[in-house]
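Below is one structure, written out as structure tokens, with a few remarks after it.
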Amino acid sequence: MSRKLITLIMLISLVVTLAMSGCGQQSNQSAAKTIKVGSETTFPPFEFQDDQTKDYVGFDVDLVKAIGKQLGCEIEFVSMGFDGLIPALESKQIDVAASGMTITPERSEKVTFSQPYYKSGLSVITKKTDTTINSFNDLAGKRLAVQIGTTSAETAKKIPTATVREFNSPSEAFLELSAGGADAVINDLPVNEYYLSQGGNKDFKLVGEVINAEDYGLAINKNNPELAEKINTALTELKKNGEYDKIYEKWFGKKPQ
Ligand code: GLN
């Protein structure tokens with residue numbers, strides 16, 4: 001074999017290796033083009049299971065798929081509890097967490113967040129018949145239901161003399177409210193709004209002000225700065241080329257502010 005041919009073969013294999021190493025953490029070659037994305041999949045409209053197809057759908061799901069397309073990577077969703085996402089990133093069980101996750105200083109010590117991709121906040125839901133809770137301050141001494149491991153749970157625990165019960169999903173928290181075991185649910189505003197719009201407004205209402213402005217970010221393993229950079233570049237591109245706006249309008253029925 002000529003030297004030229006050998007050099008060419010070496011170059012081609014280098015390019016192939018580089019192309020395949022861009023996505024997840026996996027060392028085996030067939031999986032190297034797949035990004036494993038962890039998500040708590042009962043958080044509509046960000047991530048939830050379609051009743052009929054059983055596929056995972058939602059704003060985060062579409063956004064991550066669009067990022068995968070930009071990067072030439074397959075996306076594989078892994079459903080897990082919200083409080084298990086950061087440990088799963090740390091143990092490299094997943095490459096990315098896309099789960100309406102609020103960027104906080106404590107979490108930033110453990111994972112790398114992408115640039116913010118959604119402006120959120122917390123809000124309170126009560127039974128329509130409740131007249132005692134009209135603002136966040138009225139929650140003192142009340143029984144609160146929240147999702148475990150979330151910023152809502154953190155916030156609830158700081159309310160004086162309130163009793164806080166933590167559930168695996170927001171829907172379980174709503175059930176507790178419905179059953180009379182809680183006086184209020186604290187949860188992310190867009191998820192509360194979606195819940196009310198899907199029939200929840202028959203028995204429940206949003207009360208008071210929006211507490212805590214929060215930004216959602218995609219969380220990435222701290223030891224994978226290459227992937228974090230690629231995701232940020234892809235997000236910037238999607239915001240520029242109109243794809244982000246399209247996905248936003250599909251799920252929220254309005255343009256991003
Ligand atoms: N945004 C909230 C948090 O990060 C809740 C996220 C969720 O329940 N999926 O804590």
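The values are calculated or read from the model by the stated rules, or taken from the named source; none is laboratory data. Owing to the predicted nature of the structure, the values given are computational and were not obtained by experimental measurement. No Cβ is skipped: glycine too gets one built from the backbone with ideal geometry, and neighbour counts run over all protein chains shown.
Which ones in the range 128-150 are touching a strand residue (DSSP E or B) at 6+ places or on another chain (Cβ under 7 Å) and assigned to a helix (DSSP H, G or I)? Give the derivation first.
Just the residues of the range 128-150 that are touching a strand residue (DSSP E or B) at 6+ places or on another chain (Cβ under 7 Å), to begin with: 128, 133-136, 139, 142-148.
Passing the criteria: Phe136, Leu139.
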Seminar exercise, completed: Of the residues in the range 215-229, those that are surrounded by fewer than 21 Cβ atoms within 10 Å (Cβ to Cβ) and part of a strand (DSSP E or B) come to Asp215
Exercise. What do you reckon, is Ile67 away from the ligand (no atom under 14 Å from the Cβ) and either at pLDDT below 95 or more than 25 Å from Phe174 (Cα to Cα) (or both)?
Worked result: yes
For this session: Determine whether the range 108-127 contains at least one residue that is assigned to a helix (DSSP H, G or I), modelled with pLDDT of 95 or more and either out of contact with any strand residue (DSSP E or B) (no Cβ under 7 Å at 6 or more places or on another chain) or on the phi < 0 side of the Ramachandran plot (or both).
Result: yes
Exercise. Does the range 194-232 hold any residues that are within 16 Å of the ligand (Cβ to nearest atom) and more than 20 Å from Thr131 (Cα to Cα), and which are they?
Worked result: Tyr194, Tyr195, Asn212, Ala213, Glu214, Asp215, Tyr216, Gly217, Leu218, Ala219, Ile220
For this session: Return the pairs, sorted by first residue and then second, in which the second residue is within 11 Å of the ligand (Cβ to nearest atom) and among the hydrophobic types (A, V, I, L, M, F, W, C), the first residue lies in the range 163-180 and is touching a residue at least 60 places away in the same chain (Cβ under 8 Å), the beta carbons are less than 7 Å apart, and the residues are 6+ apart or on different chains.
Result: Asn168/Ile148; Pro170/Phe43; Pro170/Val191
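Does Met80 satisfy the criteria of being surrounded by fewer than 22 Cβ atoms within 10 Å (Cβ to Cβ), within 12 Å of the ligand (Cβ to nearest atom), at pLDDT 95 or above and hydrophobic (A, V, I, L, M, F, W, C)?
Values: surrounded by fewer than 22 Cβ atoms within 10 Å (Cβ to Cβ): yes; within 12 Å of the ligand (Cβ to nearest atom): yes; at pLDDT 95 or above: yes; hydrophobic (A, V, I, L, M, F, W, C): yes.
Spelling it out, Met80 is indeed surrounded by fewer than 22 Cβ atoms within 10 Å (Cβ to Cβ), within 12 Å of the ligand (Cβ to nearest atom), at pLDDT 95 or above and hydrophobic (A, V, I, L, M, F, W, C).
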Seminar exercise, completed: Apart from one, (1) modelled with pLDDT under 95; (2) away from the ligand (no atom under 13 Å from the Cβ) all hold for Ser171; the odd one out is (2)
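Matching residues to (1) buried (at least 18 other Cβ atoms within 10 Å of the Cβ); (2) polar (S, T, N, Q); (3) more than 30 Å from Lys202 (Cα to Cα); (4) within 16 Å of the ligand (Cβ to nearest atom):
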| site | (1), (2), (3), (4) |
| --- | --- |
| Glu90 | no, no, yes, no |
| Ala98 | yes, no, yes, yes |
| Ser108 | no, yes, yes, yes |
| Phe113 | yes, no, yes, yes |
| Asn137 | no, yes, no, no |
| Thr151 | yes, yes, no, yes |
| Glu154 | no, no, no, yes |
| Ser178 | no, yes, no, no |
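Residues to consider are Ile67, Ile103, Ile75; find the one that is under 17 Å from Leu235 (Cβ atoms) and touching a Phe, Trp or Tyr at 6+ places or on another chain (Cβ under 8 Å).
Working: Ile67 fails: touching a Phe, Trp or Tyr at 6+ places or on another chain (Cβ under 8 Å); Ile75 fails: touching a Phe, Trp or Tyr at 6+ places or on another chain (Cβ under 8 Å).
Matching residue, one of Ile67, Ile103, Ile75: Ile103.
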